[in-house]
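Comments concern the structure below.
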Amino acid sequence: MTTGGAVPTSSTDVTRLLQRWSEGDAEALERLLPLVYGELRRIASHQLRRERANHTLAPTALVHELYLKLVDQRRSSWQNRAHFYGLAAQLMRRILVDHARAQHAEKRGGLTTHVSLADAFGDDRPEPGARDAAVDVLAIDEALARLTALDHDQARIVELRFFAGLTVEETALVLKRSPRTVKREWRLARAWLYQALRA
């Protein structure tokens, strides 16, 4: 990942580079990555904290795999940085799920990556007093796929809030919804997923 020319620093410059990249300017992606690398690594660390301690992917490796996927991405128009980070988190989730499936296949079912519901939902757990349980990372992905079929918007909110770590306001910006609507849908989606995972 190399850069060319001076590196812009403002969010306006980042948005402009995103737009140039979506128009087919490959150099724009090369100039963009140094600006967003720190945030992408934060998202990667956020997601890997929920994985088992001996996970074979480190944050840096996850970001590099993400880069390979981003090279192939083309968007008609990037709205803003939050929009970009939302897609990045979605791609990271796919990488981690694919990685978990490959590990599961290699071990013939002998090792499954688990996270606790407390770790998954943190302070936002719908039933904070309830007894905690461990859930398979692949089960989280499958539950989210079921939620997508039921309510695509709620599933996107989960991806942006849970996987990307975006704030309610940033999520609202990406989805073009009011923060109030995002908060309501986030509560509903969280409760549905919590019950689905406990079941």
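The values are calculated or read from the model by the stated rules, or taken from the named source; none is laboratory data. All values derive from a computational prediction rather than experimental measurement. Positions of Cβ are generated from backbone atoms using ideal geometry, with glycine treated the same way; all protein chains shown enter the neighbour counts.
Tabulated data for the structure shown
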item: Residues located in the stretch 16-48, provided they are at pLDDT below 85 and among the β-branched types (Val, Ile, Thr); result: 43
item: Residue ID - surrounded by the fewest Cβ atoms within 10 Å (Cβ to Cβ), chosen from residues in the stretch 60-84 that are at pLDDT 80 or above and of a type in the set (Val, Ile, Thr); result: 60
item: Candidate set: the stretch 177-198, residues that are touching a helix residue (DSSP H, G or I) at 6+ places or on another chain (Cβ under 8 Å) and small (Gly, Ala, Ser); chosen: the one farthest from residue 148 (Cα to Cα); result: 178
